[in-house]
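The values are calculated or read from the model by the stated rules, or taken from the named source; none is laboratory data. Quantities reported herein were computed from a predicted structural model and do not represent experimental measurements. Every residue, glycine among them, receives a Cβ derived from its backbone with ideal geometry; neighbour counts consider all protein chains shown. These area figures cover heavy atoms from the full protein model, side chains too; ligands, DNA and RNA do not enter into them. Shrake-Rupley method; radii C 1.70, N 1.55, O 1.52, S 1.80 Å.
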Amino acid sequence: MTRTIMSLTVLLLCACQPNQQQPQITAEAPPGKPGELPVKAFAALPLVQQLSLSPDGQFVAFLQNTDGETALVTQDRVGKDVHIVLKSDNEKFRIRSYEWVNNSRLLVRVWYPERRGDLKYIETRMLAINRDGTEEKADLIRIENTVVRRDNNSQFQDNFTVLPDDPKHVLLALDQRELGAPDVYKLDVYSGDKEMVAGNPGYVRSWVYDQQGRARVGMGVIGTTVRIVQRMKEADDWLTFAEYDGVKGGGPQPLGFGEDPEWLYLLADYQGKAAVFKTNLNASTSQMELVYADPKYDVNGELIYSADKKRAIGIDYKAESGKLVYWDKEAQQLQQRIDEALPHRTNRIISSRNKQHVLISSGAAYPPVYYWFDEIKNHISTVIRTYPELKPSQLARPETVHFKARDGLDLEGYLTRPRNPTSSLGRTIIFPHGGPWSRDANDFNFWTQLMANRGWTVFQLNFRGSSGFGDEFEKSGFQRWGLEMQDDITDGVQWLIKEKIADPAKICIVGGSYGGYAALMGLAKTPELYRCGVSLAPVTDLVELLNHSSDMRYLDRHLHAGQAEARLGNWWSDRSRLKETSPVNLAAHFRTPLLLAHGVEDSTVDVSHSREMASALESAGLRDFQYLEMEDADHHLSREQDRLQFFRAMDAFLKKYQ
């Protein structure tokens with residue numbers, strides 16, 4: 001097969017041309033109806049990902065996905081000196097990410113699936129390579145201490161941080177002395193030589209570095225206790241900054257340092273929701289100063305740094321949609337200029353050099369697009385569209401809706417109606433999110449856009465237990481799987497019918513992971529509401545999920561088991577409820593057509609959940625159901641071929657019930 005590597009700079013120079021064509025995705029079959037786009041236009045991996053500038057701004061690197069393969073590509077800014085630095089067929093290993101260390105050297109993170117007996121997991125590795133593909137060093141990380149057992153040979157070996165003003169070294173967190181307790185090393189990106197610069201006290205799982213390149217804060221676990229330690233200087237002892245019960249949660253979460261190494265930014269509770277604080281680690285008393293809080297949403301996000309990577313200037317988090325908040329006035333003004341040029345979208349500066357910026361811009365009806373912003377000339381031009389066949393004029397525009405559950409709880413959701421509905425009452429898909437300790441936002445979602453393109457109205461609900469709406473709202477879903485959490489979804493269906501949005505005879509439910517569980521529970525508890533259902537990689541047995549969470553082979557298993565029990569229940573005292581809310585035990589209640597799908601290489605929810613469910617449905621005599629098992633697919637359908645296989649199957653299935 002011949003691979004075509006695009007030249008992004010040609011697009012940069014020609015973006016202002018009115019008829020500039022973007023690289024096209026080949027359609028697998030003619031669309032079925034006028035206005036229908038091929039499944040691949042939605043379900044293919046983004047054409048380009050992780051575009052970034054070299055430190056001097058003269059070179060560009062990006063990941064390109066083509067027909068199921070991924071390549072790391074570099075080029076200069078005028079469209080020449082193009083190199084395929086590394087490529088993968090996404091079979092043996094997959095490119096996770098990369099970073100520039102200097103103007104010629106890159107570090108690449110890769111991962112691959114692994115298993116030990118019945119336990120499936122991933123391992124990561126790291127390699128160094130020049131931007132022209134030379135001097136590749138795949139054995140950059142060498143485990144030198146034989147104390148670590150061979151079968152536990154440092155699972156994660158790609159946790160590095162680029163050092164400021166040091167083009168030859170990075171900081172590497174590596175657990176070669178003690179499994180799960182990484183020390184910090186200064187690693188030479190050419191030779192692989194490394195020197196320990198911070199030893200682990202024995203329980204730290206992750207590190208936070210200051211802008212001077214020093215390990216300053218450690219997040220650790222002891223039993224079920226989370227301990228945060230800090231020190232001012234490398235010669236100092238580690239001091240406990242905070243300690244809290246990891247099962248109950250609620251403790252602070254370090255975010256990072258700004259230019260002043262004495263001040264740490266962190267997330268902590270403010271009026272029931274996570275907010276951004278800062279604290280002086282060198283002060284005699286530890287007091288936190290509020291930096292930013294959102295009255296409606298948790299500010300669970302990442303710090304935004306200045307172009308020189310030294311100053312913390314804002315926070316990037318999810319509100320109703322993606323939101324950027326700056327406490328730096330210059331950054332506010334710059335962002336305002338960009339947002340005025342690209343309205344109705346979240347516009348993120350992802351790479352900057354000498355007032356030249358690479359942006360990624362996306363919104364609910366705007367697939368991600370990379371732009372070049374020349375701050376001096378005040379000019380924005382298109383670099384490349386990540387979904388070339390999806391144009392905003394073809395996509396549906398979601399709206400935010402609110403209603404009350406049966407017990408009076410306020411709920412927020414997102415309603416995506418097709419652009420050209422065939423009737424006032426829409427055929428509707430209920431689309432609960434995964435997690436369940438996650439949330440939906442009013443952002444671009446290729447699932448919803450595909451379904452809307454097929455004429456479905458799509459409803460995404462942040463049911464109780466969803467994250468992002470405060471601690472009380474999230475904990476209201478604890479131990480309520482299949483109960484009030486499911487009732488919220490049912491109440492959402494009834495609200496859609498009452499508001500004359502949904503045709504009650506044409507409602508289906510579709511979901512993946514926890515959403516797949518919710519889809520199955522909806523078909524079991526309220527089969528009269530649904531015409532069909534699709535469940536991808538679902539949990540079907542809550543007792544088995546609890547057992548998996550307490551597997552003795554996991555690091556910090558006591559903490560994970562305690563958290564699982566708090567969220568799901570006790571396997572013994574709550575076993576009756578757990579069994580009654582496990583779809584695998586409710587097969588006799590199913591009478592609705594169902595597509596059930598699962599990947600064999602799923603390390604999050606084992607394929608046995610769906611295999612047992614399929615067997616139970618067959619034994620119960622359900623005739624109208626399909627079981628699709630994808631041999632090499634993981635939980636997130638990371639490979640393009642797996643995504644296409646599932647979405648084509650789902651598309652064909654749903655068309656039968658329009």
Expressed as a percent, the accessible surface of the chain that is carbon or sulfur, using a 1.4 Å probe and the full set of protein chains, is 47 percent
What FRET efficiency would be calculated for the residue pair residue 409, residue 290, taking the C-beta separation as r and a Förster radius of 25 Å, to the nearest 0.05? 0.35
Report relative contact order for the chain in percent, whole number only (criteria: Cα-Cα under 8 Å, sequence separation at least 6). 9 percent
Could you state the accessible area per residue of the chain in Å², with a 1.4 Å probe and every protein chain left in place? 43 Å²
Residue 528-residue 505 pseudo-label distance in nm [points 7 Å out on the Cα-to-Cβ vector]: 1.7 nm
So what is the relative contact order for the range 129-209, in percent, with contacts set as C-alpha pairs under 8 Å and at least six apart? 22 percent
What length, rounded to one decimal in nm, is gained on full extension from residue 591 through to residue 78, with 0.36 nm per residue of separation minus their alpha-carbon distance? 178.6 nm
Considering the options 589, 653, 253, tell which one lies farthest towards the positive end of the dipole of the chain, charges being +1 on Lys and Arg and -1 on Asp and Glu at the Cβ, about the Cα centre. 653
Which GluC sites (Glu not before Pro) from the range 495-582 combine a DSSP loop assignment with at most 15 other Cβ atoms within 10 Å? 499
Probe 1.4 Å, all protein chains present, accessible-area order of 385, 553, 427, largest first: 553, 385, 427
Placing +1 on the Cβ of each Lys and Arg and -1 on the Cβ of each Asp and Glu in the chain, which of 335, 203, 445 has its Cα farthest towards the positive end of the resulting dipole? 445
If packing is taken as the average count of other Cβ atoms within 10 Å, what order do 461-468, 295-302, 630-637 fall into, highest mean first? 461-468, 630-637, 295-302
Less than 12 Å Cβ to Cβ from residue 375, Lys/Arg counted +1 and Asp/Glu -1: what total charge do the surrounding residues give? +2
Quick query: amide H of residue 427 versus all other amide H atoms, modeled in the peptide plane; which residues come in under 5 Å with a sequence gap of 5 or more or a different chain? 457, 503
Taking 0.36 nm per residue of sequence separation and subtracting the Cα-Cα distance, how much length would be gained by fully extending the chain between residue 118 and residue 472, in nm to one decimal? 123.8 nm
Rounded to the nearest 5, what % of the DSSP beta bridges within the chain are antiparallel ones? 85 percent
Just from its helices, what would the mean residue ellipticity at 222 nm be for the chain, if runs of 4 or more DSSP H residues each count -39500 (n - 2.57) and the sum is divided by every residue, rounded to the nearest 500 deg cm²/dmol? -5500 deg cm²/dmol
The answer for the net charge of residues other than residue 602 whose Cβ lies under 10 angstrom from its Cβ, with Lys and Arg +1 and Asp and Glu -1, is -2
Determine the dipole magnitude for the range 228-358: charges of +1 sit on the beta-carbon of Lys and Arg, -1 on that of Asp and Glu, nothing else is charged, the reference point is the Cα centre, and the result goes in debye to the nearest 20. 540 debye
Take the Cβ-Cβ distance between residue 391 and residue 92 as r, set R0 to 35 Å, and report the resulting FRET efficiency rounded to the nearest 0.05. 0.45
Report the gain in length on full extension from residue 337 to residue 608: 0.36 nm times residue separation, minus Cα-Cα distance, nm rounded to one decimal. 92.4 nm
The answer for residue 363, listing residues at least 5 apart or on another chain whose modeled amide H is closer than 5 Å to its amide H, is 346, 444
Need one number: nm distance between label points at residue 494 and residue 197, each 7 Å from Cα along Cα→Cβ, rounded to one decimal. 6.0 nm
Sorting check: for 487-498, 78-89, which peptide has the highest mean count of neighbouring beta carbons within 10 Å, and how do the rest follow? 487-498, 78-89
Expected vector for the range 248-262, Karplus 3J(HN,Hα) from phi with 6.51, -1.76, 1.60 and θ = phi - 60°, integer Hz, x for Gly and Pro, equals 6, x, x, x, x, 10, x, 9, x, 9, x, 5, 7, x, 7
Taking the Cα centre of the range 523-658 as the origin, how large is its charge dipole in debye, to the nearest 20, when only Lys and Arg (+1) and Asp and Glu (-1) carry charge on their Cβ atoms? 580 debye
Read phi for every residue in the range 110-115 and hand back ³J(HN,Hα) as whole Hz from Karplus 6.51 cos²θ - 1.76 cosθ + 1.60, θ = phi - 60°, with x for Gly and Pro. 10, 9, 8, x, 9, 8
With +1 on the Cβ of every Lys and Arg and -1 on the Cβ of every Asp and Glu, the dipole magnitude of the chain about its Cα centre, in debye rounded to the nearest 20, is 1460 debye
When the Karplus curve 6.51 cos²θ - 1.76 cosθ + 1.60 is applied with θ = phi - 60°, which whole-Hz ³J(HN,Hα) does each residue of the range 128-142 get, with x for Gly and Pro? 10, 7, 7, 5, 9, x, 8, 6, 5, 10, 7, 9, 4, 9, 10
Candidates per chymotrypsin sites (Phe, Trp or Tyr not before Pro) in the range 550-604, loop by DSSP, up to 13 other Cβ within 10 Å: 572
For residue 222, the residues 5 or more places away or on another chain with a placed amide H closer than 5 Å to its own amide H are 227
Is the shape of the range 311-372 rounded, prolate or oblate, going by the alpha carbon gyration tensor and its root eigenvalues a ≥ b ≥ c, with a/c under 1.5 for rounded and a/b larger than b/c for prolate? oblate
May I ask for the distance between the Cα centers of the range 558-587 and the range 453-487, given as a whole number of Å? 18 Å
From a point 7 Å beyond the Cα of residue 135 in the direction of its Cβ, which residues of the range 75-102 have a backbone N at a distance under 12 Å? 101-102
